[in-house]
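Data first, discussion second: the structure below is written as structure tokens.
The values are calculated or read from the model by the stated rules, or taken from the named source; none is laboratory data. Since the model is a prediction, treat every value here as computed from it, not as a measurement. Cβ atoms come from the backbone with ideal geometry, glycine included; neighbour counts cover every protein chain shown. We work out accessible area using only protein heavy atoms, side chains counted, and drop any ligands, DNA or RNA first. Shrake-Rupley method; radii C 1.70, N 1.55, O 1.52, S 1.80 Å.
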Amino acid sequence: MEYFNFVKKVVFEGPESKNPLAYKFYDPERIILGKPMKEHLKFAMAWWHNLGADGTDMFGRGTIDKSFGVVPGTLEHAKAKVDAGFEFMTKMGIKYFCFHDVDLVPEQKDINDTNKMLDEVSDYIVEKQKETGIKCLWGTANLFGNPRYMCGGGTSNRVDVYCFAAAQIKKALDITVKLGGENYVFWGGREGYETLLNTDMGLEEENIAQLMKMAVEYGRKIGLKGDFYIEPKPKEPMKHQYDFDAATSIGFLRKYGLDKDFKMNIEANHAELAKHTFEHELRVSRLNGMLGSIDANEGDCVLGWDVDRFPANVYTATFAMLEILKAGKISGGLNFDAKTRRASNTFEDMFKAYILGMDTWALGLINAAKIIEDGRIDKFVADRYATWNSDLGKKIRAGECKLEELAAIGCEQKFFSAENSGREEELQEVLNSILFR
């Protein structure tokens, strides 16, 4: 059965094209800094939003039919989503997908029944992968949706809930490896607290760290070669989540000795909720050697909550691609953890949303390469810190100075040079001149 018969294949037609079902900037074979664009931009489809999100919000029922011609909540529906997903990815030219366990199949009353369904549906996915060459970027377990996780999974106050979370993680790891998944993600959507009055924070953090250690041990045993990821988010649904931002998460990983196996999966919308820019979170992760993968979406500063819009801000994509290019290589990719708006309720809208996101990131890549090749901004930054390349600067950075020595030098100074402008406005103009020439 063909679900999306209004398009045969989305192809690159160039910026002059008026075809809404064609790429204007994403040209997968175009060489950027020595590599085809498709190698820089490892796009992935988010199974949950693209095949499951129906436009439901807290004020109303769904507006988008994602039944795919069968009764939702059945094994037949799970397989229909597989058919629709692989048709979509094939027509879009997307080579990867990401999933939660309960995205693939509806959760049953008995976890053993859920696992049997996961086995059957994952068998079906493997066949589709053989036919298409499409791969799994990463998998994860949903430890936040079911009411049992109202107080968290790995941070629950109850040991029985903790064990159930372990069972879900084990099976999600099994399925991830079975599908050739390259990495595995922990998103602590309920791993946090509402009030310290009823919370043993130390116990909760120790418990989630122990669960992660067990997951790594098991994942390595069954053949997961890639990275484990933490996906930081400061709040929502919990008021305070333990993976607040990249810096907090990195500190947690180092404290519990998890930093050799884990990296960051940074989401743009989550960075905004933490009152950071997207590029800030990427920079923090990169400088700590922990930039792993990216959930490519954006928020809405007017609304102020996690809205998962498809990325359209070319400046943000440009700054993000600068960080990725300077990282050299990341183990993950660009997963579109994004959904069409409630009123964008057709399958055509779904295709157009992905085209928007992929073209936006393609522009970001093109622009980031221009900035690097132009060199003016990098040169300005290097010149601004030039005194740190002096003999004294090198000595300080090497840890070869005493405080008394530097204090004596400081006391000898009678004035400071005024030639220390940050020239922010000039650099913004340089940026625009590069992007729009």
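Looking at this structure, is ALA274 in contact with a Pro (Cβ under 6 Å, 6 or more places away or on another chain), of a type in the set (A, V, I, L, M, F, W, C) and crowded, with 22+ Cβ neighbours inside 10 Å? Quick ask: steps written out before the conclusion?
On the way: in contact with a Pro (Cβ under 6 Å, 6 or more places away or on another chain): yes; of a type in the set (A, V, I, L, M, F, W, C): yes; crowded, with 22+ Cβ neighbours inside 10 Å: no.
Here the answer is no, as ALA274 does not meet what is asked.
State all residues of region 10-56 that are at positive phi and free of Cβ contacts under 8 Å to residues at least 60 places away in the same chain; if no residue qualifies, say none.
Correct list: GLY14, GLY34.
Go through the residues of region 35-43 one by one and say whether even a single one is of a type in the set (A, V, I, L, M, F, W, C) and open to solvent by 30 Å² or more (accessible area, probe 1.4 Å).
No, region 35-43 contains no residue that is of a type in the set (A, V, I, L, M, F, W, C) and open to solvent by 30 Å² or more (accessible area, probe 1.4 Å).
Taking only pairs six or more apart or across chains, which ones have beta-carbon atoms under 6 Å, a first residue in region 209-233 that is over 26 Å from ALA268 (Cβ atoms), and a second residue that is assigned to a loop (DSSP other than H, G, I, E, B) and open to solvent by less than 20 Å² (accessible area, probe 1.4 Å)?
Correct list of pairs: LEU211/GLY154.
Does LEU211 count as modelled with pLDDT of 95 or more and either surrounded by 18 or more Cβ atoms within 10 Å (Cβ to Cβ) or touching a Gly at 6+ places or on another chain (Cβ under 9 Å) (or both)? Even if it seems obvious, please write down each step before you answer.
Numbers: modelled with pLDDT of 95 or more: yes; either surrounded by 18 or more Cβ atoms within 10 Å (Cβ to Cβ) or touching a Gly at 6+ places or on another chain (Cβ under 9 Å) (or both): yes.
Considered against the rule, which asks whether it is modelled with pLDDT of 95 or more and either surrounded by 18 or more Cβ atoms within 10 Å (Cβ to Cβ) or touching a Gly at 6+ places or on another chain (Cβ under 9 Å) (or both), LEU211 comes out as yes.
Test each condition in (1) charged (D, E, K, R); (2) over 19 Å from GLN210 (Cβ atoms); (3) surrounded by fewer than 17 Cβ atoms within 10 Å (Cβ to Cβ) for ASP174 and report the one that comes out false.
(3)
Can you go through TRP361, TRP305 and tell me which one is aromatic (Phe, Trp, Tyr) and open to solvent by 30 Å² or more (accessible area, probe 1.4 Å)?
Of the residues listed, the single one that is aromatic (Phe, Trp, Tyr) and open to solvent by 30 Å² or more (accessible area, probe 1.4 Å) is TRP305.
Suppose we filter region 373-396 for residues that are over 13 Å from VAL430 (Cβ atoms) and either in contact with a Pro (Cβ under 9 Å, 6 or more places away or on another chain) or among the β-branched types (Val, Ile, Thr) (or both); how many remain?
Matching residues across region 373-396 total 2.
Do any helices (runs of 4 or more DSSP H) lying entirely in region 364-437 carry at least 1 residues that are within 17 Å of LYS326 (Cβ to Cβ) and open to solvent by less than 60 Å² (accessible area, probe 1.4 Å), and which ones are they?
Answer list for region 364-437: 376-384, 424-435.
Could you check, for region 260-267, whether at least one of its residues is touching a Gly at 6+ places or on another chain (Cβ under 8 Å) and either open to solvent by 10 Å² or more (accessible area, probe 1.4 Å) or free of Cβ contacts under 8 Å to residues at least 24 places away in the same chain (or both)?
Within region 260-267, one or more residues are touching a Gly at 6+ places or on another chain (Cβ under 8 Å) and either open to solvent by 10 Å² or more (accessible area, probe 1.4 Å) or free of Cβ contacts under 8 Å to residues at least 24 places away in the same chain (or both).
Just to be sure I understand the filter: pairs with C-beta atoms under 6 Å, separated by 6 or more residues or on different chains, first member in region 154-166 and open to solvent by 60 Å² or more (accessible area, probe 1.4 Å), second member at pLDDT 95 or above. Which pairs pass?
ASN157/CYS151
Can you run down the residue pairs with Cβ atoms below 8 Å, 6 or more apart or on separate chains, where the first is in region 311-334 and in contact (Cβ under 8 Å) with a residue 40 or more places away in the chain and the partner is open to solvent by 50 Å² or more (accessible area, probe 1.4 Å) and β-branched (Val, Ile, Thr)?
THR316/THR277; PHE319/THR277; LEU322/ILE372; LEU325/ILE372
May I ask you to verify whether GLY85 is at positive phi and in contact (Cβ under 8 Å) with a residue 12 or more places away in the chain?
No.
Out of the residues in region 77-113 that are assigned to a loop (DSSP other than H, G, I, E, B) and out of contact with any His (no Cβ under 8 Å at 6 or more places or on another chain), state the one that is surrounded by the most Cβ atoms within 10 Å (Cβ to Cβ).
So, considering only residues that are assigned to a loop (DSSP other than H, G, I, E, B) and out of contact with any His (no Cβ under 8 Å at 6 or more places or on another chain), the one surrounded by the most Cβ atoms within 10 Å (Cβ to Cβ) is VAL105.
Can VAL11 be described as β-branched (Val, Ile, Thr), modelled with pLDDT of 95 or more, farther than 30 Å from VAL177 by Cβ and open to solvent by 20 Å² or more (accessible area, probe 1.4 Å)? Full working, then the answer.
On the way: β-branched (Val, Ile, Thr): yes; modelled with pLDDT of 95 or more: yes; farther than 30 Å from VAL177 by Cβ: yes; open to solvent by 20 Å² or more (accessible area, probe 1.4 Å): yes.
It is true that VAL11 is β-branched (Val, Ile, Thr), modelled with pLDDT of 95 or more, farther than 30 Å from VAL177 by Cβ and open to solvent by 20 Å² or more (accessible area, probe 1.4 Å).
Cβ-Cβ below 6 Å, separation at least six or inter-chain, first residue in region 59-75 and surrounded by 13 or more Cβ atoms within 10 Å (Cβ to Cβ) and of a type in the set (A, V, I, L, M, F, W, C), second in a loop (DSSP other than H, G, I, E, B) and modelled with pLDDT of 95 or more: which pairs?
Listed pairs, sorted by first residue: ILE64/ASP54; ILE64/GLY55; ILE64/ASN345.
Given the structure, is THR340 open to solvent by less than 60 Å² (accessible area, probe 1.4 Å) and in contact with an Asp or Glu (Cβ under 6 Å, 6 or more places away or on another chain)?
For THR340, the condition - open to solvent by less than 60 Å² (accessible area, probe 1.4 Å) and in contact with an Asp or Glu (Cβ under 6 Å, 6 or more places away or on another chain) - is met.
Being in a loop (DSSP other than H, G, I, E, B) and open to solvent by less than 40 Å² (accessible area, probe 1.4 Å) is the filter here; which residues of region 44-58 pass it?
Correct list: ALA53, GLY55.
Identify all residues within region 276-312 that are within 15 Å of PRO234 (Cα to Cα), at pLDDT below 95 and not acidic (Asp, Glu); write none if there are none.
Residues satisfying the conditions are GLY304, TRP305.
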